[in-house]
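Here's the structure we're looking at; comments come further down.
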Amino acid sequence: MRFAMSIVPFEVRNLTFPLSPARARFWVGGRKAVTAFWDMLSIFFPEGERFFIESVNAHRQHVTDPALQQAVQKFCGQEGVHRREHARYNETLAAFGYPVEEMERRVSRVLNVVRFLLPKRLQLAVTVSLEHFTALLGELVLTSRTGLAGADPEVAKLWRWHSLEENEHKAVAFDVYRAAGGGYVERCVIMLLTSLIFWGKVVEQQARMMWADGTLFRLSEHADLFRYLFRNNDGGMQRLLPKYLSFFRRDFHPFAPGDTEQLEQWRAQLADLDSMAASSPANVSTT
Ligand SMILES: [Fe+2]
Ligand SMILES: [Fe+2]
């Protein structure tokens, strides 16, 4: 059987984003709940990326296509750098007084339950589902005129870099999953469960951050976040709903027609990334 593969080549950029501890705590234009939204997403990544790398690596033996073998290696490289940089990011959040350690432990606990309950291929289906979300959230960052406007340029740079790379490698886990024999019904069921658990965790983490900020019971903050997510951003997050739902089509593939051209545009817009961020001499864990 022939599959559409993730034939879009991409590179591992071993970049580092030294976020200043003296930066503004509410780095998205002073908006507290909105800043908490991006910050709490960062808290998912060190443990989340470890899970992605692990579940893709566990199926390497099924990958016979040399282009996909190379893509798997680079996928692990990119996610490894994301892990490292978000761990640094999260250290700055801890310095602001957020319960980062506790929140990361809770993310880890959920993933450990997934590891315990699900066979390896279903764990990979969880990664495929979450990679669909990271690509969509990345698209939100990269296409929106207002999303990170007025944000601290250093932090925004990190999010733009991560968003670009999520879109570059968005098909890798999916292609490995299909090479490993993953099927339609299985991935749809896992996507439904993953959607419930992931967005449930998003709400919980948002609440924890806002509790730490003392804004959890401030209606104006919730209204501001609602406006940001569903009214701003070139039509709000809901414009991505059709793309989310396309996952449930039998012939779904993460690279839809026009995506490679879109990717080239984003790469051109972010061509200065390498000069903006320092190259890191640190090792990258890809296991
Ligand atoms: Fe990532
Ligand atoms: Fe990813």
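Numerical summary
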| read-out | value |
| --- | --- |
| Charge dipole (debye, nearest 20) of the chain; +1 at Cβ of Lys and Arg, -1 at Cβ of Asp and Glu | 600 debye |
| Viscosity 0.890 mPa s, 25 °C: Kirkwood-radius Stokes-Einstein D of segment 29-274 over Cα pairs, µm²/s | 131 µm²/s |
| Neighbour-count order for H222, H59, fewest beta carbons within 10 angstrom listed first | H222, H59 |
| Listed residues M191, L270, S55: farthest to the positive end of the dipole of segment 29-274 (Cβ charges) | M191 |
| Packing-based exposure ordering (other Cβ within 10 Å, fewest first) of Y244, Y89 | Y244, Y89 |
| Distant alpha-carbon pairs in segment 190-255 (separation over 14 angstrom), percent | 71 percent |
| Sparse-neighbour loop sites [trypsin sites (Lys or Arg not before Pro); segment 64-149; at most 11 other C-beta within 10 Å; DSSP] | R145 |
| Residues whose placed amide H lies under 5 Å from that of L15, excluding near-sequence neighbours | S280 |
| Residue order, fewest to most surrounding Cβ atoms within 10 angstrom, among T134, T143, T92, T64 | T64, T143, T92, T134 |
| DSSP H segments from the chain that extend 20 Å or more along their own axis, Cα-based, with Kyte-Doolittle mean of 0.5 or above | 120-143, 184-213 |
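Values in this text are rule-based calculations from the coordinates and carry no lab data. Note that this is a predicted model, so its numbers are computed, not measured. Here Cβ is always computed from backbone atoms with ideal geometry, including for glycine, and neighbour counts include all displayed protein chains.
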